[in-house]
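In what follows, a structure is listed as structure tokens, so that the remarks can point back to it.
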Amino acid sequence: MSILGMLDIGKTALYANMRALNIVSHNIANINTPGFSRQEAILSTMTPVLGKGGMMGRGVAFLGIRRSYEDYIQTQLLKQHQNHGRSYSLLETYSRIEQIFNEAKDFGLSKSFNDYFNAWHEVAANPESSPQRVVLLQSAHALVDSAKRMEHDLLDNVRYINEEIDHLTGRINTIASNIAALNDKIIQIEAGNTGSANDYQDQRQNFLNELSGLIDYSTYEDDFGNITVMAGMRNLVYRDKTNPLSTKLNENGDKELFLDGMNITRHIEKGRIGGLLDARDDIQNNLQNKFRRIIASIIKEVNLVHRQGYGLDTSNLNDFFTPFGLFTKDFSAGADITATITDYSQLTLDEYDITFDSANNYYVTNRNTGSVAATGVYVSGDTISFEGMNIVITGTITANDKFFVSPLTQVVKNFSVAITDPNKIAASSTLAGLPANNENALAMIRLSQNKISNLGNLTFTNYYRGIISETASFTSAARDSFSFEENLLMEISNRRESISGVSLDEEAINLMKFQRSYEAAAKMIKVTDELLQTILNL
Amino acid sequence: MRVTSFMIYDQFIRSLQRNLTNLSESNEKLATGRKINKPSDDVIGITRSLDYKLSINLNNQYKKNIDEAVSHLSFTEMTISSVSDTLNRIKELTLIGVSDNTDAIGRQSIASEVAQLRDHLLSLSNSKFRDRYMFSGYRTDTQSFNPTTYDFQGDDGYINVLIDKESTVPINTPGTHVFGYTGVSEQIMLNNGRYVHYIPGASTNITVEIRDTDNVTVLDTFNFSNVMQMTDILTNALNSNNVTRVNALLSPFERAFTNVINHQAYAGAILNRIDNQTASNEDSTLNLKTVLSNTEDVDLAEIISTIAKNETAIAALRQSSVKQISQSLFDFL
């Protein structure tokens, strides 16, 4: 071992500590960088040489940079981001929906509903008098207006969800192309054996975190370090390529998600998009349906009672509200459907599918109960009648043709007051009893307390109360679940932070440690230099 | 567990946020005075409060109906009481009319008073309350009794209003019940030996036959169906000094008077029943308002102390965070 060897050792020490100081400053600089993982220098002794008297050390080697990182926690974090994103969307949507039904501030239907029936009380007490009738008509218009406002708000929320899905899709595609670009950089760096692409890894991880807040996906990493991202069993990112996620309108006017040519909507359950899709389904299949059902039953029951009475102008069989029609849709190439209501009293207010298993054999299925309402052999031009409805199909029917009939779809859209002349309001139950007979008005008032078979034998108010308590409990459950997911996310983030985060105190100590070591190494070189001087001066 | 700077910052921010959220929720409750500001604040509470509000609303409507019924029924009761006073006076005059001490001139002067009482009865029977002929049944736009023939022109309809969920009260009385005459088939012998037969006909029409002492020969016959017609016949009989007719009318007036008294009592009874209903209605409204307030309204003392607690927590948090965040090992290097 020579003096020059000492100079070499000093050089390695200077170099290694310099690199370590570099890393400390990089850590301090990135203390606030999201997703950054603390780095540390990997130091080792240089390969020793065999000298006189044994192995001689040759100084320190800087082997590389290690990132403090734990895969297991990262996986948990991704999952938690997905749950969190979903509950975030649900809470946001339900909080808006609950404002539509905010009976705590009299925003809902019940005030105008009560006003309407109170107006009937006034007509019952003064059947021959005009002002009360005018008030009744006004309150009927107010009832129509609040129903329409609520329907409009519900539709607005669905539209907002669709826009939001579009918007998030754009963000997902940006993230996907970033991940693909980072994949490329990472494999290039790591293939060159120049070490681990720590910062790129962190950036990619950060994009994956953000992505998991939006949509649920699975990943796997190949041997080169590429991460493949799959959503709905289709590749979103594969190596340095992406398949753009796109949205298309379906027949209901709702956005559906397409990836790599496949409709993946049904596979998305988590992330913000998963939450939005769920909320949209619930609004349309549950809330909107129930709301329309109560409006349809108000129209139906009020009209059935009203038609039995006589107006001051001796007319009868008048509808109070404009009777609703049937909404139809055909899933058939060559056939069209027309549906009419023949007897309102027989209506179930359910929705039906008419399916042809061959060109002349049909069966009608009730969507709400799942039971078969009618079935038979179809002869072209025949009328299919069931539960107060007549169905006529024209054109060529082929096997597997399907038709949809619903009394609810457009019921609120077409909701209006049919009576314009107050004298046509039928308070009297007989022609002879005019003008002061009020038996029909009393029957109308009783209707408000009656159990309605179309509403599962509940009164209007009880059925409506069911809708309110359902939205309320959904919202409150969404809030609970959001705060649970949020806490869990914080817990896992903290565990990640505990492993990967930067501590200023720690870095301060490291800074001091490496600074001193650097100073010592420099001193060592100086000493070696002095030793050389001593020898040269001999 | 290794604690990093970010964890400390993050924890402060979250705790501060949580406390501020609580504070703003409490402030909203204080500002609105309500515990339930949106349905999800209290899922059970919102449906209960909806129920209470509906019941209060209905009670208010029943109260309005009751007020309507009371004003109608009081009017009817007052009218009927006038009718009974009038009939009582006619009864007295009839008794004077049949007396042997009254002569033809005396009967004529009685007749002129009876004629006035007849017109008074007619105007009572055609009473209007708020533009509504009160005794016409459902035909409230038609005079109850024809002013010349005194025939009933209304029908038998009762206008009912709901005074609570189950029960209704009629706010009117059809004219036939108060002014109409309902007699039974009977015969009486007058003190001059003649017989009087009362023969009920269709509806409330009564035919009166005055027969000779042999109870076979019909000397005189007339018919009526209500008190106005009776009073009219009485007027004519007094004018023409037909004491037998006057005599024959004594018993019908007696019966008509009893009938009116009964109706007066009946109207009073309904008013009493409504009074009870009003009391229970108001009682129940008060109860409902109390429970509604318990469900919806905020407990002020509680909310103010919650706010104070929150404010203290926030102040403490700020103080401790300033100390912890502002220092690191770098300060000592």
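For the range B:261-313, give me each residue that is of a type outside the set (A, V, I, L, M, F, W, C), surrounded by 14 or more Cβ atoms within 10 Å (Cβ to Cβ) and more than 37 Å from the chain's Cα centre (by Cα).
B:Thr306, B:Lys309, B:Asn310
Of the residues in the range B:157-191, how many are more than 10 Å from chain A (Cβ to nearest Cβ), assigned to a loop (DSSP other than H, G, I, E, B) and of a type outside the set (Gly, Ala, Ser)?
The number of residues fulfilling the criteria is 10.
Mind counting the residues in the range B:1-14 that are part of a helix (DSSP H, G or I) and among the aliphatic types (A, V, I, L, M)? Full working, then the answer.
Of the residues in the range B:1-14, the ones part of a helix (DSSP H, G or I) are B:5-14.
Subset that is among the aliphatic types (A, V, I, L, M): B:7-8, B:13.
Selection size over the range B:1-14: 3.
Would you confirm whether or not the range A:127-138 contains a residue that is within 14 Å of chain B (Cβ to nearest Cβ), buried (at least 19 other Cβ atoms within 10 Å of the Cβ) and assigned to a helix (DSSP H, G or I)?
Yes, the range A:127-138 has at least one match.
Please enumerate the residues belonging to the range A:139-154 that are without any contact (Cβ under 8 Å) to a residue 12 or more places away in the chain and in contact with a helix residue (DSSP H, G or I) (Cβ under 9 Å, 6 or more places away or on another chain). Walk me through how you get there before you give the answer.
Step one: filter the range A:139-154 for residues without any contact (Cβ under 8 Å) to a residue 12 or more places away in the chain, giving A:149, A:152.
Of everything in the range A:139-154, just one residue is without any contact (Cβ under 8 Å) to a residue 12 or more places away in the chain and in contact with a helix residue (DSSP H, G or I) (Cβ under 9 Å, 6 or more places away or on another chain), namely A:Arg149.
Return a yes/no flag: does the range A:409-425 have any residue that is under 30 Å from B:Asp156 (Cα atoms), touching a residue at least 60 places away in the same chain (Cβ under 8 Å), outside any strand (DSSP E or B) and acidic (Asp, Glu).
Yes, the range A:409-425 has at least one match.
Please determine, by comparing only the residues of the range A:449-469 that are facing chain B (nearest Cβ under 9 Å) and in contact (Cβ under 8 Å) with a residue 12 or more places away in the chain, which one is farthest from the chain's Cα centre (by Cα).
A:Thr461
Restricted to the range A:108-126, and to residues that are part of a loop (DSSP other than H, G, I, E, B) and touching a Phe, Trp or Tyr at 6+ places or on another chain (Cβ under 8 Å), which residue is surrounded by the most Cβ atoms within 10 Å (Cβ to Cβ)?
It comes out as A:Leu109.
When the range B:15-40 is examined, which residues are found to be part of a helix (DSSP H, G or I) and facing another protein chain (nearest Cβ under 7 Å)?
The answer is B:Pro39, B:Ser40.
I'd like to check something: does the range B:77-85 contain any residue that is more than 14 Å from chain A (Cβ to nearest Cβ), free of Cβ contacts under 8 Å to residues at least 12 places away in the same chain and surrounded by fewer than 20 Cβ atoms within 10 Å (Cβ to Cβ)?
Yes; the residues of the range B:77-85 include at least one that is more than 14 Å from chain A (Cβ to nearest Cβ), free of Cβ contacts under 8 Å to residues at least 12 places away in the same chain and surrounded by fewer than 20 Cβ atoms within 10 Å (Cβ to Cβ).
Within the range A:84-98, which residues are of a type in the set (Lys, Arg) and within 13 Å of another protein chain (Cβ to nearest Cβ)?
Matches in the range A:84-98: A:Arg96 only.
Condition check ((1) under 30 Å from the mean Cα position of the chain (by Cα); (2) of a type in the set (A, V, I, L, M)) across all residues:
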site	(1), (2)
A:Trp120	no, no
A:Asn126	no, no
A:Gln138	no, no
A:Asp145	yes, no
A:Leu154	yes, yes
A:Asn162	yes, no
A:Asn173	yes, no
A:Ile186	no, yes
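Looking only at the range A:319-337, decide whether some residue is without any contact (Cβ under 8 Å) to a residue 24 or more places away in the chain and either at negative phi or not in a strand (DSSP E or B) (or both). Walk me through how you get there before you give the answer.
Narrowing the range A:319-337 to residues without any contact (Cβ under 8 Å) to a residue 24 or more places away in the chain: none.
No, every residue in the range A:319-337 fails to be without any contact (Cβ under 8 Å) to a residue 24 or more places away in the chain and either at negative phi or not in a strand (DSSP E or B) (or both).
Identify, by number, the condition in (1) of a type outside the set (Val, Ile, Thr); (2) over 30 Å from A:Ser146 (Cβ atoms); (3) free of Cβ contacts under 8 Å to residues at least 60 places away in the same chain that A:Gly395 doesn't meet.
(3)
Out of all the residues in the range A:101-118, which are at the interface with chain B (Cβ under 10 Å from one of its Cβ atoms) and of a type outside the set (Phe, Trp, Tyr)? I'd like the intermediate steps shown before the answer.
Taking the range A:101-118 first, the residues at the interface with chain B (Cβ under 10 Å from one of its Cβ atoms) are A:101-108, A:110-111, A:113-115, A:117-118.
A:Asn102, A:Glu103, A:Ala104, A:Lys105, A:Asp106, A:Gly108, A:Ser110, A:Lys111, A:Asn114, A:Asp115, A:Asn118 - these are the residues of the range A:101-118 that are at the interface with chain B (Cβ under 10 Å from one of its Cβ atoms) and of a type outside the set (Phe, Trp, Tyr).
Each row is one residue, and each column tells you yes or no for (1) crowded, with 17+ Cβ neighbours inside 10 Å; (2) basic (Lys, Arg); (3) touching a residue at least 24 places away in the same chain (Cβ under 8 Å); (4) more than 30 Å from B:Arg48 (Cβ to Cβ).
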{"residue": "A:Ser476", "(1), (2), (3), (4)": "yes, no, no, no"}
{"residue": "A:Arg479", "(1), (2), (3), (4)": "yes, yes, yes, no"}
{"residue": "A:Glu491", "(1), (2), (3), (4)": "no, no, no, yes"}
{"residue": "A:Arg496", "(1), (2), (3), (4)": "yes, yes, yes, yes"}
{"residue": "A:Gly501", "(1), (2), (3), (4)": "yes, no, yes, yes"}
{"residue": "A:Met512", "(1), (2), (3), (4)": "no, no, no, yes"}
{"residue": "A:Arg516", "(1), (2), (3), (4)": "no, yes, no, yes"}
{"residue": "A:Ala520", "(1), (2), (3), (4)": "no, no, yes, yes"}
{"residue": "A:Leu532", "(1), (2), (3), (4)": "no, no, yes, yes"}
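Quick check, is B:Thr86 at pLDDT 95 or above and either over 30 Å from B:Ala279 (Cβ atoms) or assigned to a helix (DSSP H, G or I) (or both)? Step through it out loud before you land on a result.
Details: at pLDDT 95 or above: yes; either over 30 Å from B:Ala279 (Cβ atoms) or assigned to a helix (DSSP H, G or I) (or both): yes.
Yes; evaluated as a whole, the condition is true for this residue.
The values are calculated or read from the model by the stated rules, or taken from the named source; none is laboratory data. A quick note: this is a predicted structure, and the numbers were derived from the prediction, not measured. Cβ sites come from the backbone with ideal geometry, for glycine too, and all protein chains shown count toward neighbours.
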